[in-house]
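Undergrad: The structure is given below, and queries will be raised subsequently.
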Amino acid sequence: MATLAGRLEALTLRALEQIVGDSEGLSAQIAPTRDEKHGDYQCNAALGLARRLGRNPRELSGELAQAMLALDETGLLRTAEVAGPGFLNLRVREEALKAALKGIGDPVRSAGRRVVVDYSSPNIAKQMHVGHLRSSIIGDAICRILEHLGHEVKRQNHVGDWGTQFGLLCAWLLDRGVEDSRVDLGDLEALYREAQALAERDEAFRERSRERVVALHQGDQPTRETWRRIVGTSLEHIGEVYERLGLSLTLADTRGESFYNPMLAGVVEELQVRFPAGSRPMEVVEDQGAVCVFLYDEEGQPRFKNAQGEPQPLLVRKSDGAFLYPTTDLAALRYRVRDLEADWLIYVTDSRQALHFQMFFQTAREAGWVGESLLEHVTFGTVLGPDGKPLKTRSGENVKLAELLGEAVERADRLVEDNESDPARKRGFSADEKRDIAEAVGIGAVKYADLSQNRSSDYVFSFDRMLAMEGNTAPYLMYAYARIRSIQRRAGELPHEPALTLEEAHERRLAMHLARLDETLDQVVSGWRLNLLCEYLYGLAGLFMKFYENCPVLGAPTPEQRASRLDLCEKAARVLKVGLELLGIRVVERM
């Protein structure tokens, strides 16, 4: 069902078309009012249009109001009033608001687009660290929201499982006869550092490492088996972190660089044949074995320049014949469009890779590989420590993600234990319940603290702030949900499809906010501002608390009001749960 804002927009455009004769290029400019005393929504369409037509904006706004009321066959509008220099304040009818609440929180059933989302992308042979947190949870939230909105989502975890580092590791392990498949990831990281140090001082080992890279590419059995053990050990660790984070990524979604390796020569050859030197707007130039892609704008000027103002190419093959990250990314994009049949591709990485994505996206467009496909690079800032620098351990190393999550759960567990030791707050949870609550709260707090930020900004990591029971935090929202469920348990059997009454201001205010869930999701998708969903949920929790304080639920004056208010409680709980789940955060029924 269309949102209230969507219906108002359609009605506004119909009225504008009647007034002007053509609605093409016109915008309804519908937005919620900042003050509910002025109505539910505000329409600013008349202001810009009046300037264009040379008319008085208030007069035009009044004409627009009359036209909208006359065209409103569905009973959407209660009032449309001119205000200020030409704003139009709109208030919807109670029946329209109640209808908008039917099925609130249900996923969209209509068929959408096929979307490939590339996210997380940890390193093989290394433990996941805090730098992988944002890509993993932002990407996962994007996938969940897209699926909720009816799109078919293909998750892709593009991991680095190919290259010279594996030659070093394979040479080190095979030189020493380390064939025990139980070598753990911590050992691999230590071995890699030792192998790097040895390669710097031992030319013979350095040569054996290069030979192992060649052997790996040629399918040498001992080398391939060693490589598979390294990859398998890493993926097992990655899977454990994903499971604790509650991500929807699986091993089936993992496609390493090795998967695309057989495609790389074909990618370069296709570009060379189709776009030889001198071609515009893209040319592929070979210089002493290296292959570079140069991109030009409509005026024939270089699209990308280096610091010296010279044309900056996208290097797709080195002079020694080795391929690079851009080559792999181009092969992956071509595969996702041709084989996975994606018509929308989303990549989630840190903002430092912005130039790379601009260049390889433009290369794919000029090559005609993406057609009408939408390409999006969703970037994010850095997680900082208290000193305002990238979060590190005291020894200066990256914080291991598994350790960070473990500490979050331990801190949440202490909070639960502290509550249980206080007679005034004790809930009588079992040991299993306490562990489950601590796990949900600890992990949820880390994820929500990240997702509630403007994703483009850096933010300071603080356990104390993210685990706070007040403010815009996961524990506060989870507690609001659990409190509603507590009310419902005390109420006993819930009424079946009760008649909703919105007689009190707090009831209507809560209902209107609930009805704006899908409007909020539309805004979230436009620019992937996940923090808007967090703000919406935080606002919902606050409005529910005010509703509960001012409108008795279990002690309502009449059975009809009791049933109606319990239904509002149910809808609020449902939207809180659905909203948090779209962010990848699990709720608990008691807290």
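The values are calculated or read from the model by the stated rules, or taken from the named source; none is laboratory data. Computed from a predicted structure; not experimentally measured. So basically every Cβ, Gly included, is an ideal-geometry build from the backbone, and we count neighbours across all protein chains shown.
Undergrad: Cβ-Cβ distance below 8 Å, separation of 6 or more or different chains: which pairs start in region 465-486 with a residue that is closer than 17 Å to LYS447 by Cα and end on one that is in a helix (DSSP H, G or I) and β-branched (Val, Ile, Thr)?
TA: So the pair list comes out as MET466/VAL446; LEU467/VAL441; ALA474/VAL441; PRO475/VAL441; MET478/VAL441.
Undergrad: Give the residues of region 318-331 that are at pLDDT below 95 and of a type outside the set (Gly, Ala, Ser), sorted by residue number.
TA: LYS318, ASP320, PHE323, LEU324, TYR325
Undergrad: On to the next question. Are there helices (runs of 4 or more DSSP H) fully within region 193-269 with at least 2 residues that are surrounded by fewer than 17 Cβ atoms within 10 Å (Cβ to Cβ) and either at pLDDT 95 or above or of a type outside the set (Asp, Glu) (or both)? List them.
TA: 203-218, 221-245
Undergrad: Do any residues in region 332-355 that are modelled with pLDDT of 95 or more have Cβ atoms under 7 Å from those of residues that are of a type in the set (S, T, N, Q) and in a helix (DSSP H, G or I), where the two are at least six apart or on different chains, and which pairs are they?
TA: Listed pairs, sorted by first residue: VAL348/SER135; THR349/SER135.
Undergrad: Continuing with this model, one more query. Would a scan of region 180-191 turn up a residue that is farther than 30 Å from PRO311 by Cα, surrounded by 19 or more Cβ atoms within 10 Å (Cβ to Cβ) and among the polar types (S, T, N, Q)?
TA: For region 180-191, residues farther than 30 Å from PRO311 by Cα, surrounded by 19 or more Cβ atoms within 10 Å (Cβ to Cβ) and among the polar types (S, T, N, Q): absent.
Undergrad: Answer yes if at least one residue in region 409-424 is part of a helix (DSSP H, G or I), out of contact with any Lys or Arg (no Cβ under 8 Å at 6 or more places or on another chain), in the same structural domain as MET478 (by TED's automatic domain parsing) and more than 23 Å from THR473 (Cα to Cα), and no otherwise. It would help to see each step written out before you state the result.
TA: Going residue by residue through region 409-424, those that are part of a helix (DSSP H, G or I) are 409-420.
Add one more test, that the residue is out of contact with any Lys or Arg (no Cβ under 8 Å at 6 or more places or on another chain), and what stays is 409-412, 414-415, 418.
Remaining after also requiring in the same structural domain as MET478 (by TED's automatic domain parsing): 409-412, 414-415, 418.
Now narrow it down to the ones that are more than 23 Å from THR473 (Cα to Cα): none.
There is no residue in region 409-424 that is part of a helix (DSSP H, G or I), out of contact with any Lys or Arg (no Cβ under 8 Å at 6 or more places or on another chain), in the same structural domain as MET478 (by TED's automatic domain parsing) and more than 23 Å from THR473 (Cα to Cα).
Undergrad: Inside region 395-405, can you point out the residues that are surrounded by fewer than 14 Cβ atoms within 10 Å (Cβ to Cβ) and assigned to a helix (DSSP H, G or I)?
TA: GLU403
Undergrad: Let me ask something additional. Which condition breaks for GLN308 when tested against (1) without any contact (Cβ under 8 Å) to a residue 12 or more places away in the chain; (2) touching a helix residue (DSSP H, G or I) at 6+ places or on another chain (Cβ under 6 Å); (3) not aliphatic (A, V, I, L, M)?
TA: Exception for GLN308: condition (2).
Undergrad: Can you work out which of the residues in region 17-51 that are more than 16 Å from GLU81 (Cα to Cα) and part of a loop (DSSP other than H, G, I, E, B) is modelled with the lowest pLDDT?
TA: Applying the filter and picking the extreme gives SER23.
Undergrad: Could you tell me which residue of region 64-108 is farthest from LEU47 (Cα to Cα), considering only residues that are touching a residue at least 24 places away in the same chain (Cβ under 8 Å) and charged (D, E, K, R)?
TA: Selected residue: LYS102.
Per-residue answers, yes or no, for (1) farther than 30 Å from GLU570 by Cα; (2) of a type in the set (D, E, K, R); (3) buried (at least 22 other Cβ atoms within 10 Å of the Cβ):
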position: ARG78; (1), (2), (3): no, yes, no
position: ALA100; (1), (2), (3): no, no, yes
position: GLY105; (1), (2), (3): no, no, no
position: ALA111; (1), (2), (3): no, no, no
position: SER120; (1), (2), (3): yes, no, yes
position: LYS126; (1), (2), (3): yes, yes, no
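Undergrad: Quick one: count up the residues across region 113-148 that are touching a Ser or Thr at 6+ places or on another chain (Cβ under 9 Å) and in a loop (DSSP other than H, G, I, E, B).
TA: So the count comes out to 9.
Undergrad: Can you name the residue in region 147-161 that is within 22 Å of ARG229 (Cα to Cα) and touching a helix residue (DSSP H, G or I) at 6+ places or on another chain (Cβ under 7 Å) and, of all such residues, is surrounded by the fewest Cβ atoms within 10 Å (Cβ to Cβ)?
TA: Within region 147-161, the first condition is being within 22 Å of ARG229 (Cα to Cα), and the residues that meet it are 156-161.
Narrowing further to those that are touching a helix residue (DSSP H, G or I) at 6+ places or on another chain (Cβ under 7 Å): 156-158, 160-161.
Numbers: GLN156: 25, ASN157: 24, HIS158: 22, GLY160: 19, ASP161: 23.
This residue is GLY160.
Undergrad: Go through (1) assigned to a helix (DSSP H, G or I); (2) in contact with a helix residue (DSSP H, G or I) (Cβ under 8 Å, 6 or more places away or on another chain); (3) at pLDDT below 95 and name the single condition VAL108 misses.
TA: Of the numbered conditions (1) assigned to a helix (DSSP H, G or I); (2) in contact with a helix residue (DSSP H, G or I) (Cβ under 8 Å, 6 or more places away or on another chain); (3) at pLDDT below 95, the odd one out for VAL108 is (1).
Undergrad: Working carefully through the options GLU535, GLU507, find the one that is within 17 Å of ALA573 (Cβ to Cβ) and acidic (Asp, Glu).
TA: Numbers: GLU535 fails: within 17 Å of ALA573 (Cβ to Cβ).
On inspection, the qualifying residue turns out to be GLU507.
Undergrad: Which condition number in (1) on the phi > 0 side of the Ramachandran plot; (2) in a helix (DSSP H, G or I) is the one that GLY388 fails?
TA: (2)
Undergrad: Are any residues in region 462-471 modelled with pLDDT of 95 or more and in contact with a Leu (Cβ under 9 Å, 6 or more places away or on another chain), and if so, which ones?
TA: Of everything in region 462-471, just one residue is modelled with pLDDT of 95 or more and in contact with a Leu (Cβ under 9 Å, 6 or more places away or on another chain), namely LEU467.
Undergrad: Got a number for residues in region 425-448 being without any contact (Cβ under 8 Å) to a residue 60 or more places away in the chain, among the hydrophobic types (A, V, I, L, M, F, W, C) and within 19 Å of ASN472 (Cα to Cα)?
TA: Within region 425-448, residues that are without any contact (Cβ under 8 Å) to a residue 60 or more places away in the chain, among the hydrophobic types (A, V, I, L, M, F, W, C) and within 19 Å of ASN472 (Cα to Cα) number 2.
Undergrad: Right, something else. In region 111-146, which residue that is touching a His at 6+ places or on another chain (Cβ under 8 Å) and under 27 Å from TRP227 (Cβ atoms) is modelled with the lowest pLDDT? Please lay out each step first, then the result.
TA: So the first thing to find is which residues in region 111-146 are touching a His at 6+ places or on another chain (Cβ under 8 Å), and the list is 112-115, 118, 120-122, 127-128.
Narrowing the set further to residues that are under 27 Å from TRP227 (Cβ atoms) leaves 118, 120-122, 127-128.
Values: ASP118: 98, SER120: 97, SER121: 95, PRO122: 94, GLN127: 91, MET128: 94.
Checking each candidate, the answer is GLN127.
Undergrad: I'm told VAL446 meets every condition in (1) of a type outside the set (Phe, Trp, Tyr); (2) part of a loop (DSSP other than H, G, I, E, B); (3) surrounded by 21 or more Cβ atoms within 10 Å (Cβ to Cβ) except one. Can you identify the failing condition by its number?
TA: All conditions are met except number (2).
Undergrad: Quick check on my filter: what residues within region 272-289 are crowded, with 16+ Cβ neighbours inside 10 Å and closer than 17 Å to SER319 by Cβ?
TA: If the condition is that a residue be crowded, with 16+ Cβ neighbours inside 10 Å and closer than 17 Å to SER319 by Cβ, then GLN272, VAL284, VAL285 are the ones that fit.
Undergrad: If ASP287 satisfies every condition in (1) within 30 Å of LEU185 (Cα to Cα); (2) at pLDDT below 95 but one, which is the exception?
TA: (1)
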